[in-house]
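Let me begin by presenting the structure, written as C-alpha cells, before commenting on it.
Nothing in this text is a laboratory measurement; each read-out follows from the coordinates by a stated rule. The structure displayed is predicted, hence computed values, not measured ones. Cβ atoms come from the backbone with ideal geometry, glycine included; neighbour counts cover every protein chain shown.
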Ligand code: FES
Ligand code: FES
C-alpha cells in the first residue's frame, strides 16, 4: 500500500504517494526527474548516489523515500544559486576534478558536508571526508585540489 510523504528538495516541497519499498534515489530520479544523483552500485559502495538529508550526507540507494518524509534534501541540482556555480562546482571545474563525471555529484555533496563542518580541512581530512565515494578515473589528486580550491574561495568570501 502506498504512503503519502512530504519532503523538501532543493527548497521546493513535494507531496507524493510512494511504495514503502521505493528507494530515495529512485524517488529523486524517477519521480522528481532529478537525475544528477547517480546510481553506481546499488550496494552502498560507491557514493555516486550521495545527497544531503537534513545536512547529513547519505547514500540515497540505501534509504527508502519514506525515511526522508518531512526532511530537507539537497541534491547536486540545488547547489548553484542564481546561475552562479557553488564554490565546489567551481573548484572541480578549475582543478579538473573529474573525467567521466559519474562520481562527481556524490563527491561534491560529500565535500559540501565536509566543508560545512570543517571549512579549512587538511589534505588528509579531505581524503577522509570523501572516503565513502569511489572514483574510477581521476586518482583522486585533482578532486582533493578541487576541494582545497573551494575551501580557499569559500573562506575568502566569508
Ligand atoms: Fe549508492 Fe553506489 S549507488 S553507494
Ligand atoms: Fe569518472 Fe570519477 S570522474 S568515476
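Descriptive notes on the structure:
- Selection over region 94-110 of residues that are more than 11 Å from ligand 2 (Cβ to nearest atom) and farther than 15 Å from residue 154 by Cβ gives a count of 2.
- Residue selected from region 56-67 under the condition out of contact with any helix residue (DSSP H, G or I) (no Cβ under 7 Å at 6 or more places or on another chain) and in contact (Cβ under 8 Å) with a residue 60 or more places away in the chain, by the criterion farthest from ligand 2 (Cβ to nearest atom): 66
- Residue match in region 140-153 (condition: touching a residue at least 12 places away in the same chain (Cβ under 8 Å) and within 16 Å of ligand 1 (Cβ to nearest atom)): no
- Residues that are under 17 Å from residue 76 (Cα atoms) and within 16 Å of ligand 2 (Cβ to nearest atom), drawn from region 111-128: 111
- The selection criterion, being in contact with a helix residue (DSSP H, G or I) (Cβ under 6 Å, 6 or more places away or on another chain) and part of a helix (DSSP H, G or I), holds for residue 150.
- Only residues that are touching a strand residue (DSSP E or B) at 6+ places or on another chain (Cβ under 8 Å) and more than 16 Å from ligand 1 (Cβ to nearest atom) were counted in region 111-132, giving 1.
- Considered as a group, the residues in region 1-22 that are closer than 18 Å to residue 59 by Cβ and out of contact with any helix residue (DSSP H, G or I) (no Cβ under 6 Å at 6 or more places or on another chain) include one that is surrounded by the most Cβ atoms within 10 Å (Cβ to Cβ), and that residue is 9.
- Applying the set (1) in contact with a helix residue (DSSP H, G or I) (Cβ under 7 Å, 6 or more places away or on another chain); (2) in a helix (DSSP H, G or I); (3) within 16 Å of ligand 1 (Cβ to nearest atom) to residue 135 leaves exactly one unmet item: (2).
- Tally, over region 111-122, of residues that are touching a residue at least 12 places away in the same chain (Cβ under 8 Å) and either within 21 Å of residue 40 (Cβ to Cβ) or more than 15 Å from the chain's Cα centre (by Cα) (or both): 7
- Selection of region 75-110 for residues being within 11 Å of the chain's Cα centre (by Cα) and within 16 Å of ligand 1 (Cβ to nearest atom) yields 75, 76, 103, 104, 105, 106, 107, 108, 109, 110.
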